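The values are calculated or read from the model by the stated rules, or taken from the named source; none is laboratory data. Just so it is clear, the structure is predicted and the values come from calculations on it, not from any experiment. When we count neighbours, we look across all protein chains shown, and the Cβ atoms used for this are built from the backbone with ideal geometry, even at glycine. Just so you know, the surface numbers come from the protein's heavy atoms only, side chains and all, with ligands and any DNA or RNA stripped out. Shrake-Rupley method; radii C 1.70, N 1.55, O 1.52, S 1.80 Å.
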Amino acid sequence: MTPEVHVITHPLVQHKLTLMRQKDRSTSSFRRLLNEISMLLAYEVTRSMPTQMIDIETPLEPMRSPVIDGKKTVFVVIMRAGSGFLDGMLQVVPGARVGHVGLYRDPATLAAVEYYFKMPQEMHERDAIVLDPMLATGNSAVAAVQRLKATQPRSIRFVSLLAAPEGLANFHAHHPDVPVYTCAIDRQLNGHGYIVPGLGDAGDRMFGTK
Ligand code: URA
């Protein structure tokens, strides 16, 4: 299976990403841009969702018209930075459900340890869209998607703002069946696990914690 990677090259997305990368950008401006970019990403990641025809009546006559098929989409937030994507996504898909995955890295074993996992009911009828702005080493994304797969959603897609080649390779090695949507694939990871050139620590920049 050839893994799918969609790099969103739309000029609006690329322009906003450039502004977000700038080191002197304020927390409020970073957050506003993230919100705007999330809406544009929501549009791209839902593009291939299946639809079904239903019967409706316009003020003029009956017609058959498409709606998204199946139970409501679920956005799966990988805490904490994934929550920065959520507001924008929900503005575009307001009826979506939201699941959360919390993982931390055990300092001794470096294994991803789950501390929180909550999904809506009837996952087998839902399309899951996993949100994590930075696909860096890929370890938490791999672990989150593995855990999510146990709930057997109808489909899974993964959305990030930036990806490192190392993180993409790791993710694809474990989940070649999950399409990845990202705004850019940067050069590499540095020795501290940061994406370079990147945009720094996405969580700190969106929450103002540094
Ligand atoms: N997480 C971040 O927030 N930034 C990186 O560059 C890598 C991981």
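Each residue in the stretch 17-65 was checked for being among the acidic types (D, E) and farther than 23 Å from M134 by Cα, and 3 pass.
Got at least one residue in the stretch 110-118 being of a type in the set (A, V, I, L, M, F, W, C), surrounded by 17 or more Cβ atoms within 10 Å (Cβ to Cβ) and within 14 Å of the chain's Cα centre (by Cα)? Scanning the stretch 110-118, I find no residue that is of a type in the set (A, V, I, L, M, F, W, C), surrounded by 17 or more Cβ atoms within 10 Å (Cβ to Cβ) and within 14 Å of the chain's Cα centre (by Cα), so the answer is no.
Which ones in the stretch 155-183 are open to solvent by less than 10 Å² (accessible area, probe 1.4 Å) and assigned to a strand (DSSP E or B)?
F158, V159, L162, A163, V180, T182, listed by residue number.
Of the residues D106, D69, D127, the single one that is over 22 Å from M20 (Cα atoms), exposed (fewer than 12 other Cβ atoms within 10 Å of the Cβ) and among the charged types (D, E, K, R) is D106.
Give the residues of the stretch 41-55 that are open to solvent by 50 Å² or more (accessible area, probe 1.4 Å) and at pLDDT 95 or above, sorted by residue number. Full working, then the answer.
Applying the first criterion (open to solvent by 50 Å² or more (accessible area, probe 1.4 Å)) to the stretch 41-55 yields 43, 47-48, 50-55.
M53, I54, D55 - these are the residues of the stretch 41-55 that are open to solvent by 50 Å² or more (accessible area, probe 1.4 Å) and at pLDDT 95 or above.
Checked against the criterion of being at pLDDT below 95 and in a strand (DSSP E or B), the candidates V98, V113 yield just one match: V113. Screening H192 on (1) within 17 Å of the chain's Cα centre (by Cα); (2) at pLDDT below 95; (3) not polar (S, T, N, Q) shows it passes everything except condition (1).
Mind checking whether some residue in the stretch 72-79 is touching a strand residue (DSSP E or B) at 6+ places or on another chain (Cβ under 7 Å), of a type outside the set (A, V, I, L, M) and open to solvent by 80 Å² or more (accessible area, probe 1.4 Å)? The answer is yes; a qualifying residue exists.
Of all residues in the stretch 46-63, those being assigned to a strand (DSSP E or B) and small (G, A, S) number 0.
For the subset of the stretch 119-163 comprising residues that are touching an Asp or Glu at 6+ places or on another chain (Cβ under 6 Å) and within 16 Å of the ligand (Cβ to nearest atom), which member is farthest from I78 (Cα to Cα)?
Applying the first criterion (touching an Asp or Glu at 6+ places or on another chain (Cβ under 6 Å)) to the stretch 119-163 yields 141, 154-155, 160, 162.
After this cut, where a residue has to be within 16 Å of the ligand (Cβ to nearest atom) as well, the list is 141, 160, 162.
Numbers: A141: 8, S160: 11, L162: 15 Å.
Residue satisfying both the conditions and the ranking: L162.
Applying the condition of being more than 9 Å from the ligand (Cβ to nearest atom) and in contact with a Lys or Arg (Cβ under 8 Å, 6 or more places away or on another chain) to the stretch 181-205 and asking which residue is nearest to A144 (Cα to Cα) yields Y181.
One residue stands out among those in the stretch 116-149 that are charged (D, E, K, R) and in a loop (DSSP other than H, G, I, E, B): the one that is farthest from I8 (Cα to Cα), which is E122. For beta carbons closer than 9 Å, sequence separation of 6+ or different chains, a first residue in the stretch 181-210 that is at positive phi and touching a residue at least 40 places away in the same chain (Cβ under 8 Å) and a second that is in a helix (DSSP H, G or I) and near the ligand (Cβ under 8 Å from one of its atoms), there are no qualifying pairs.
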